[in-house]
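No value in this document is a laboratory result; all are computed from the given coordinates. No experiment lies behind these values; they were computed from the predicted model shown. In this analysis, Cβ positions are derived from the backbone assuming ideal geometry, glycine residues included, and neighbour counts consider all displayed protein chains.
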Amino acid sequence: MDGARIYAKNAIRKCNEQMNYLKLSSRLDAVVARLDTRAKMNTISKSMGSIVKSLESTLNTGNLQKMSETMDSFERQFVNMEVQAEFMESSMAGSTSLSTPEGEIMGWKRRKGRLIAGHAVATKTEEKVDEDDLSRRLAELKARG
């Protein structure tokens, strides 16, 4: 009986460790998204600065065709900036440290309930699903950066 109790405590401890790793993973995803946003905003700032300089020079010369081209370029950059900002806002809203999917949380609660009641630890298929999920998330992070 003591062996089963020790096994259950160890299983619960490992389950808690896994939850902590998932929370850490979520936080790291949020940091990656913030860094990505920062890099894109720096790029946009540089391009906007060059457009403003070009616009100043064309205003000084009075060349209407060059002014029109510069304003078109400015408009394209502004539209691109709006699209990127909207995308980043939506991705930041979804990538907080507590953004674990509800189904995953319920699965953890069920598994913990089975452990406490003295039932078997998570089955191999559940472990395989967790590993597949982590592998998928790692591949997504590698694809981003």
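Worth a mention:
- Modelled FRET efficiency - R0 41 Å, residue 18 with residue 74, Cβ distances, 0.05 increments: 0.20
- Inter-site label distance for residue 60 and residue 86 at 7 Å from Cα along Cβ, in nm: 3.7
- Extension gain (nm, one decimal) between residue 36 and residue 134, 0.36 nm per residue minus Cα-Cα: 33.2 nm
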